[in-house]
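Report on the structure given below.
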Amino acid sequence: MSEEIDDGNLISKTEAFLTFVVLSSWKDTITVLKSCETLSPWAENLQIVRRCCDSIAWKAPRDNSMVNDEGWCFDDVASLRIDHFMRIITAIRARGAKPEIIGKCIMRYADRWLPGMDAELEGLRGYGYGKNELQFSILIGRKEDEGIEHSKEQKSIIESLVSILPSQPEAAPCKFLLKMLKMAMVYSASQALIAELEKRAGMMLENANVNDLLIPNYKSEDQGKMVKSLEKQTMHNTDVVQRMVEYFLMHEQEKQQLPPTSGKSSVSKLLENYLAEVAKDPNLSITKFQVLADALPERARSCDDGLYRAIDTYLKTHPSLSEYDQRRLCKIMSCGKLSLDARMHAAQNDRLPLRTVIQVLFSEQVKMRAAMQGKEPAASDNNSEQEITQTSTKTEIMTLRAELENVKTQMTELQRDYSELQHEYEKQNNKHRNGSAWNFGWTKIRTSALFHRKLDGNEGGEGHQRSNSLGSKINFRRRLSIS
């Protein structure tokens, strides 16, 4: 009986000490809670952890107006163990804290306990564009040398932080979600968590940039080890980006009843820049490139200059592409949506298939006719800007017309040279066919003086004809190589 009284007195004295001495100070509460990490059973039985977490949640800010510039309260909370941190966040949320406050706490905790990922991913991003295979192998070995316990701890932190992250868009920016997605893939988090991060990041995709989307390719079944078969695997995971674009489109359809935004145009430019980056990967298949390019509807792009740049980069990186695949790749873009500079570049680009170049020139001809048949601008007192625009348009039309006439002339010459070469070929075949009929009398004719005189008289003319034929062949082959 006396022992029970002593235990009750101890508990009451402990609560009094916590209430009037420890819990009255923010710093003391943090210090006591950190000390409880090594005394978990005893601290839990005395409810010290619960009292400290409730006290911190009570003193924590609930909105941005209560947060100072230094954010020292976030730093103190971020120094705690993950289970204590989650209990504090749960208590703060129960008190009605704003999602952005909870998001700031979680982001600060991730920066403290999940360091070094930005530097490593930046190094991986450079592989193939200046980095060598040795540097990539070093990064692979660094991941393999990490202890199993450390990897489990990192994985537990990632899954815990994502589970308590508020679902509101203002809780965390898209950049943070994509960073957590990369780390979740590195440490082989659950597929459900990865899918949740993909969905949330996809709904905010218009706020991302190209570097955020360059996610290295990992094998989830190998505990986060990077893909080693570089010959067969792409450097970046394009499937994740494709799924995020699909989530974005689904989210845009749900917002159709709201006022229209510029989200699709922003994501269209983002995707074009992303294609231009991954096109440098020699292992990227044309099918993956085409699927990514077709992920957004064509009406989402008002100009295809970025897409043309990505296609040109892919053709430059894959010079052995067949002509069929080249035409298949170029069908993705619309020649009518190219700017003047892009059309001029495409008309002189020897990497493009001939059919695409003709389509570019045809679209130019259509635009020239439309411009020439358009209405003249009405005269006004302040029409100087219209005159400048009209002069510039006429200059562009004249330049493009000259280029088109030049191409037509070259095509006519090529056709004529081809016909001459075909005629010469048929003539040579006829000579070989008729050779067997007069070979029998060749010995007698060769000894005759009359044949020698005729041969001497016609030698110059036939030599001139053979030189002309040979010249036409060389001229035709030279033009084919130039075209």
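The values are calculated or read from the model by the stated rules, or taken from the named source; none is laboratory data. These numbers were taken from a predicted model, which means no experiment stands behind them. We place every Cβ from the backbone using ideal geometry, glycine too, and count neighbours over all the protein chains shown. To get the accessible areas, we keep the full protein, side chains included, count just its heavy atoms, and leave off ligands, DNA and RNA. Shrake-Rupley method; radii C 1.70, N 1.55, O 1.52, S 1.80 Å.
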Selection over the stretch 169-216 where residues are outside any helix (DSSP H, G or I) and open to solvent by 30 Å² or more (accessible area, probe 1.4 Å) yields a count of 3
Pairs returned, first residue in the stretch 58-87 that is closer than 12 Å to residue 109 by Cα, second residue that is at pLDDT below 70, beta-carbon separation under 9 angstrom, 6 or more apart or interchain, are 73/67; 74/67
Residue 316 fails exactly one of (1) surrounded by 13 or more Cβ atoms within 10 Å (Cβ to Cβ); (2) assigned to a helix (DSSP H, G or I), namely (1)
Does the stretch 218-231 contain any residue that is modelled with pLDDT of 80 or more and either touching a Phe, Trp or Tyr at 6+ places or on another chain (Cβ under 9 Å) or surrounded by 18 or more Cβ atoms within 10 Å (Cβ to Cβ) (or both)? no
Filtering the stretch 321-345 down to residues that are open to solvent by less than 40 Å² (accessible area, probe 1.4 Å), in a helix (DSSP H, G or I) and touching a Cys at 6+ places or on another chain (Cβ under 9 Å) yields 342, 343
When residue 280 is run through (1) among the charged types (D, E, K, R); (2) assigned to a helix (DSSP H, G or I); (3) modelled with pLDDT of 90 or more; (4) open to solvent by 40 Å² or more (accessible area, probe 1.4 Å), the failure sits at (2)
Exactly one of 378, 371, 402, 437 is of a type in the set (A, V, I, L, M, F, W, C), at pLDDT below 80, farther than 26 Å from residue 269 by Cα and outside any helix (DSSP H, G or I), and that one is 378
Across the stretch 277-298, the tally of residues that are in contact with an Asp or Glu (Cβ under 9 Å, 6 or more places away or on another chain), among the small types (Gly, Ala, Ser) and over 16 Å from residue 246 (Cβ atoms) stands at 1
Within the stretch 247-266, of all residues that are modelled with pLDDT of 90 or more and of a type in the set (A, V, I, L, M), the one surrounded by the most Cβ atoms within 10 Å (Cβ to Cβ) is 249
Log entry, pairs with first residue in the stretch 240-251 being of a type outside the set (Lys, Arg), second being open to solvent by less than 50 Å² (accessible area, probe 1.4 Å) and not in a helix (DSSP H, G or I), beta carbons closer than 6 Å, six or more apart or on different chains, reads 240/215; 242/295; 245/295
Q.
Being of a type in the set (Asp, Glu), under 25 Å from the mean Cα position of the chain (by Cα), open to solvent by 80 Å² or more (accessible area, probe 1.4 Å) and modelled with pLDDT under 90 is the requirement here; does residue 118 meet it?
A. yes
Residues of the stretch 173-191 being modelled with pLDDT of 95 or more and of a type in the set (Gly, Ala, Ser), in sequence order, are none
The condition of being in contact (Cβ under 8 Å) with a residue 40 or more places away in the chain and not basic (Lys, Arg) holds, among 321, 329, 315, only for 329
